[in-house]
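One structure is given here, and the rest of the page talks about it.
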C-alpha cells in the first residue's frame, strides 16, 4: 500500500521541481529591464482572441493597440518625462478559470493598470483578482452586477446593461408608435446568457412603463441551430415590434427566419450581434435599415471620433464597432490618470481615476453623454446608449438627437 | 391553439429533425461498420461547411453543386483519419475512443481557428432565405433541400449496403470481423472505405447546412452534440434509427419552444431522449445482434 | 492494436500492489520506501514557500484541485468503468449549494459543502436510475444529456440560481468563511483534500466494495454471475464519487469566487475531470494525480503564453498530446512512471527487496 503512495509522491515531487525550475528561469527573463532612462508604463490587456468570443476580442484589442500608439505618438505620459505605454497582452479565454489565470499572469509583470474583457463573465473574474491585487481595472463590460459590488479598483466606461432597454423603448415609442402609428405590441426575446438575461430586464420594465403591451417575453437557447421555431412563436404572438437580444449567429438566423416566414414585424436589435460587420455581411441587403441599440458607435457626435474610426479602418481593415470604441476610450482614460498621478504606481493611478474628469475634446473623451467621469461605484456616470441604423453598410447613429448626425430612414 | 401555427410547428420540427438526421447518418455508419463513435464528428461537419464556403468563394460555385468537392475532400479526410488514427482504437473501450476523438476535436477545431480565423463566414445564394409557401405554412427552402439530401443519401446508402458487393462486405465486416477476414474480405480496406464514406456523408451535411448557417471553427459543436443524441436514440449503427431519431428530436424541440417556453426546446427533446433510454436502453431500433 | 494485450495491461494496472514490509511487518525510516515519500511530502509542504508567486501558485493550486476531482471521478469512471461525462453536475451542485447558502443565510461553506455533497448524492441517485442500465457510449452520451438538462434548468430558473449571470461569492476573508486574501492557505487546503482523496481511493480499492467495483468494471456479466449486486455497487460508487466531487466543487468556487452555469455544467469541464484519469491511468490511485499534474500546467501555460501568438495553437497542442498519450500509452502514463520510481528506489541507500520476490505492475 505504501509503495504506490511513495511512488507517486516522488513523481509529484519531480514535477514540482521541474516546475520550480521553470518559474526560476522565467522570472529571470522578465527581470531584464530596458536600458532607456524613462521607464515604460505597462498596461495589462485581456481580450479573448480564441474561442467563440474571438472576433470582438480581436477587434477591441486592435483598438487598444491603436490608442497606445496614439498616446505614444502624442508624446507618451508627459508627467513621467514622456514615458511610453507598453501593452502586456494575455488571452483570458472564455472561462472563469482561464480568465483568472490570465489576470494573475499579467499581474505577475506588475502592470500599472488593467483593461479589457468585454464579456461580463470574464470581467467579474478579472475585477475580483484586480481588487485583491489593488490594481485598477478599466473595462467596457456592461453588466450592472459589476459596479454593484462596492469595488474600489473597478472602473466601467460603458453604459450599464439595464439602460439599453429604456433607450430602445423610448426610441420605439417616439418614432414607431407616435410618428408612424404602429401598435405598441412588443415581443422581447433574449438569449439565455448573462448579457441576454441582464439586458432583457431593463427592456421589460421600460416597455411596461411606456405603455407597451408585452405579448411575448421569453429567453431562448443561445446554442440553437435553427431559429424557425422561435420565429414561429414570435409570429403567433401578434407583436408589431420585436426586441431581440442576440449574439451574432442567432441574430443572423432570426433575421433570416423572419424573412422566410414572412413575418410583418419591425426589429429593434439589442446590440451585440446586431452591431457587428459580419451581421451586415451575412444578411446583405436585408441588413440594410436594421436598427439597434449600441453602447457606442463610430460616428457619435464627439470631437475626433471620425478621425479615429478612419485610421482604425485603414489600419485593421474593418469598422470600429462599439466595444472597440469603448476600449479605445478606456485606454486613454488610463493614460490620463497616469499622467495626473505622475506615477506608475497602481494605487496612485486608482486614486487619480476616482477623481478623473476628461476635458471635453481630449482624445479619449468619445463616449456619448458628458465628459468621462467615474462615480463612487466606478461607473462613468454621464454615459448613455445610442440607437444606430445600418445605412449603406455602416452603422449610423440616429438617436438621441444630440449624438446623431444622421436621420433615421423608414420606408413605410 | 391556431391551426396554422400548429402546422408550422410540425413543419419546423420535421425540417430541424431532417437536419439532425442528415448530420447523424455518417456518424451511425461509422459506428455500424468500424465500431467507433467519433466525438470529432461535429468538426468533420465544420470542415465540410468550410469546403463549401471556400469553393463558393473562390469559384463562385452554387453551394449545392459544391457537393462534388466537399464529398470527395471529406472522403479523403475520413479515410486518412481511419488509417492513421481510428485504426488504433477499433474495439477499444468506449472511454479510449471518446478521448482519442476528443483530442482530434481539439486539434480540428483549433486548427481551423489558426487557418481560417475566428470570424463567421456566410455564403450567399438566391435561395438561402427563400421559403416555399403552402397556404399559411412556410417551408424554408434551404432546409427543404437539406431534407431532400437526407432522404436521397439515406436511400443511396441503404441501396449501397444491401445491393453492392462492397456494401455487403461492409455489413459482413460489421457483424463479424474475423469471419469476414476468413472468407477473404480485406477488412482493413473495408474500414477505411467505410470511414471515408461516413466522412463524405458528413461533408454533404456540411454543404447543406452552410447554405443557411454561417460557418466558424466552433460551428460544428452544437450539431455534433445533437448527432450523438440522435444516433444513440435511434440505436448506434442503425440508419433508420438515425432518421427517426432525428425527426423525434426535431419535433420535440419545435413543440417545446412553441408550447412550453422558448428556452425549453432542448429541455424537452433531451428529456424525451432520457425517457426512451429508460425504457429501451439500447435505443429505439436495437436488434438482438447489436447487443 | 492487440486488444488482448490491452485488456491484460488494464487488468495489471488495477491489481493492487502488496505493501513492502520487513519481517516485523513494518518498514523502517531508513528504507527509501518510507523516507522518499516523507521527503516528498515535506517538499510538497515547502514548495509554495519557494514559489511565492501568485501566478505559479495558482497553477499549483489548480493542479491539486483537479488531481482531487480526478480521483473522485476515477472511483466511478475508473474502477467501476462507468464513464461519466456529466460530473460537472455534481461539481456545480457543490459550488452552487454552498454559495447560495452563503448569500442567503450567511452559512459557512464548511457546512455548505456537506449540504452540497448530500444534494449531489440525491441527484446522483436519480441520474443513476436513468443511466445505469446503459452501456458504453449509451451511458456516456446520456450523462452528457443530463448535464445539458441541468445547465438549462439552472439558467431557466434564474430567480433561484442567479441565472446565466452567475453568482459571486460575497467577499469575507476568514478561515471560517473559507476565503483568503493570498493563495497559500488554499494550497494547503487543496493539498490536504487531495491527499484525503488519495487515502479514500486507496481504502475503497482495498475494500470489498472496491473489489466488486473492479470486478464489475472488467466484466459486468461475470460479476453478476458470481452474485455481485450490480445496481447497488453502481449506486454506491456514484454516491461516493458525487459526494466527493461536490465538496471539491465548493472548494473550487471558494477559490474562483464566481460560478456560472455555462462554465461549470459545460461538457468541456466534465471532460477534463475524466481526462486527467485517462492521461494518468484509469482505475489507479495515483493516475488522476499524475494526469492533473501533467495536463493542468500544459493547458494553463500554453494558454497564457501562446494564446496570443497564434490563437488556437494552445488547444491544438493540447489535443495532439491527448491523442499521442492514448495511442502510445492507452493505459496512461502511470505505468512507466511507476517503473522509473521503483528503479530509483532500488538505487537509494537502505533499499531492501521485499521478501515476496517483488510484485509486478
Exercise. Could you put C:260, A:97 in order, starting from the residue whose Cβ has the fewest other Cβ atoms within 10 Å?
Worked result: A:97, C:260
Problem set entry | 222 nm mean residue ellipticity, helices alone, for the protein assembly as shown (DSSP H n ≥ 4; -39,500 (n - 2.57); rounded to 500) | -20000 deg cm²/dmol
Seminar exercise, completed: Under the 7 Å Cα-to-Cβ spin-label approximation, residue A:355 and residue B:275 lie apart by a distance in nanometres of 6.7 nm
For this session: Please report the relative contact order for chain A, taking Cα pairs under 8 Å with a sequence separation of at least 6, and give it as a percent rounded to a whole number.
Result: 16 percent
For this session: Please report the relative contact order for the range C:53-347, taking Cα pairs under 8 Å with a sequence separation of at least 6, and give it as a percent rounded to a whole number.
Result: 34 percent
Seminar exercise, completed: Checked the protein assembly as shown against the a/c 1.5 cut and the a/b vs b/c comparison, axes a ≥ b ≥ c from its Cα gyration tensor; verdict oblate
Problem set entry | Efficiency of FRET from Cβ geometry, residue C:200 and residue C:129, R₀ 35 Å, rounded to 0.05 | 0.90
Seminar exercise, completed: Here the alpha-carbon Rg of the range C:53-347 over 2.2 N^0.38 Å rounds to 0.99
Problem set entry | Overall Cα dimensions of the range A:264-377, principal axis frame, Å, largest first | 56, 32, 23
Exercise. Considering the range C:140-280, what Rg and Dmax in Å follow from its alpha-carbon atoms?
Worked result: 18.3, 55
For this session: Can you work out the PRE-style zone for residue A:39? Point 7 Å along Cα to Cβ, and I want the residues of the range A:338-378 with backbone N under 14 Å.
Result: A:342-349
Problem set entry | FRET efficiency for residue A:215 and residue A:286, using Cβ-Cβ distance with R0 set to 25 Å, rounded to 0.05 | 0.55
Exercise. Going by alpha carbons, how many degrees (0 to 90, nearest 10) lie between the helix axis of A:322-341 and the longest principal axis of chain A?
Worked result: 40 degrees
Exercise. So in the protein assembly as shown, what percent of DSSP beta bridges are antiparallel if you round to the nearest 5?
Worked result: 40 percent
For this session: Quickly work out the residue A:311-to-residue A:208 label distance, labels modelled 7 Å from Cα along the C-beta direction, and quote it in nm with one decimal.
Result: 4.8 nm
Seminar exercise, completed: Inter-chain shielding metric for C:318-329, i.e. average beta-carbon neighbours from other chains within 10 angstrom, reads 6
Exercise. When you take every Cα atom in the range B:3-290, what is the radius of gyration, and what is Dmax, the widest Cα pair distance, in Å?
Worked result: 18.7, 60
Problem set entry | Computed over the range B:3-290: relative contact order in percent, which uses C-alpha pairs under 8 Å that are six or more apart | 38 percent
Exercise. Full extension from residue C:192 to residue C:157: what is 0.36 nm times the residue separation minus their Cα-Cα distance, to one decimal in nm?
Worked result: 9.1 nm
Exercise. Does anyone have the angle between helix B:94-116 and the longest principal axis of chain B? Alpha-carbon axes, 0 to 90°, nearest 10?
Worked result: 60 degrees
Seminar exercise, completed: Where a ≥ b ≥ c are root eigenvalues of the Cα gyration tensor, a/c under 1.5 meaning rounded, otherwise prolate if a/b exceeds b/c and oblate otherwise, the range C:70-206 counts as oblate
Problem set entry | Degrees, to the nearest 10: B:187-210 long Cα axis against longest axis of chain B | 10 degrees
Problem set entry | Estimated FRET transfer efficiency (residue B:68, residue B:133; beta-carbon r; R0 30 Å; 0.05) | 0.45
Problem set entry | Inter-label distance, nm, simple model (7 Å from Cα along the C-beta direction), residue C:305/residue B:57 | 3.3 nm
Exercise. If each Cα of chain A is one equal point scatterer, what is log10 of I(q)/I(0) from the Debye formula at q = 0.09, 0.10, 0.12, 0.14 Å⁻¹?
Worked result: -0.57, -0.68, -0.93, -1.19
Exercise. Does the range B:144-269 come out rounded, prolate or oblate by the C-alpha gyration tensor, with a ≥ b ≥ c the root eigenvalues, rounded set by a/c under 1.5 and, if not, prolate when a/b is larger than b/c and oblate if not?
Worked result: prolate
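Bear in mind that the values in this text are calculations on the coordinates, not laboratory data. Here the structure is a predicted model, which is why all the values come from computation and not from measurement. With ideal geometry, Cβ positions are generated from the backbone for all residues, glycine too; neighbour counts draw on all protein chains shown.
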